[in-house]
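Contents: one structure, followed by commentary.
The values are calculated or read from the model by the stated rules, or taken from the named source; none is laboratory data. As the structure is a computational prediction, the values presented were derived from the model and not from experiment. Reconstructed Cβ throughout: ideal geometry from the backbone, glycine too, with neighbour counts over all protein chains shown.
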Amino acid sequence: MYKITVEKSFSAAHTLPAHPGKCRNLHGHNWRVRATVAAARLDGQGMVLDFSVLKKALAEICEQLDHRMLNEAPLLQDTVPTAENLCRLIHGELSRRVADARVSVARVQIWETPDNCAEFTPDEEGK
């Protein structure tokens, strides 16, 4: 399996209303997203996907979240804006934007802080 990975950052605030600690209060993060796509075979140019295509897709998604209150962002609708949920939602958005049947989104990771990361990897049976 061949894989490529790109990263993008954005800044946004959120609240976790049901959280028992201070995260229930309004607070912000400098989020960092890492997205990996995979393909069993390379295209005619010897690539999984052109890096610029993946970068553009991830940038468009992050632009919808940048400098937003995530609890009110249309992309999240009625979803609690945890790092885990953001990973899943970004995975879904990237999957819709990558228009190559050979390529699948293998993993999305998101850091709230330099030390805290969540990850979404699709279930093999769910492909």
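Take the residues in region 33-54 that are aliphatic (A, V, I, L, M) and in a loop (DSSP other than H, G, I, E, B), then tell me which one is surrounded by the fewest Cβ atoms within 10 Å (Cβ to Cβ).
Looking at residues that are aliphatic (A, V, I, L, M) and in a loop (DSSP other than H, G, I, E, B), I get ALA40.
Search region 48-68 for residues being without any contact (Cβ under 8 Å) to a residue 40 or more places away in the chain and within 16 Å of LYS3 (Cα to Cα), and hand back the single one that is nearest to the chain's Cα centre (by Cα).
SER52
Please work out if VAL108 is closer than 17 Å to THR5 by Cα, surrounded by 13 or more Cβ atoms within 10 Å (Cβ to Cβ), β-branched (Val, Ile, Thr) and under 12 Å from the mean Cα position of the chain (by Cα).
yes
Report the residue count in region 55-68 for those that are in contact with a Leu (Cβ under 8 Å, 6 or more places away or on another chain) and not in a helix (DSSP H, G or I).
Of the residues in region 55-68, 2 are in contact with a Leu (Cβ under 8 Å, 6 or more places away or on another chain) and not in a helix (DSSP H, G or I).
Please work out which one of (1) part of a strand (DSSP E or B); (2) of a type outside the set (S, T, N, Q); (3) crowded, with 17+ Cβ neighbours inside 10 Å is the condition LEU94 fails and give its number.
(1)
For region 74-86, give me each residue that is under 20 Å from PHE120 (Cα atoms) and either surrounded by fewer than 17 Cβ atoms within 10 Å (Cβ to Cβ) or modelled with pLDDT under 95 (or both).
Within region 74-86, LEU75, LEU76, GLN77, ASP78, THR79, VAL80, GLU84, ASN85 meet the criteria.
Please specify each residue of region 87-105 satisfying the condition of being closer than 10 Å to LEU49 by Cβ and among the basic types (Lys, Arg).
ARG102
Of everything in region 1-17, what is polar (S, T, N, Q) and assigned to a strand (DSSP E or B)? Give them in sequence order.
THR5, SER9, SER11, listed by residue number.
Filter region 101-119 down to the residues that are out of contact with any Gly (no Cβ under 9 Å at 6 or more places or on another chain), touching a residue at least 12 places away in the same chain (Cβ under 8 Å) and not small (Gly, Ala, Ser) and list them by number.
Residues satisfying the conditions are ARG102, VAL103, ARG107, VAL108, GLN109, ILE110, TRP111, GLU112, THR113, ASN116, CYS117, GLU119.
Return the pair list, or none, for Cβ contacts closer than 9 Å from residues in region 73-100 that are without any contact (Cβ under 8 Å) to a residue 12 or more places away in the chain and at negative phi to residues that are polar (S, T, N, Q) and assigned to a loop (DSSP other than H, G, I, E, B), at least 6 apart or on different chains.
PRO74/GLN64; ASN85/THR79
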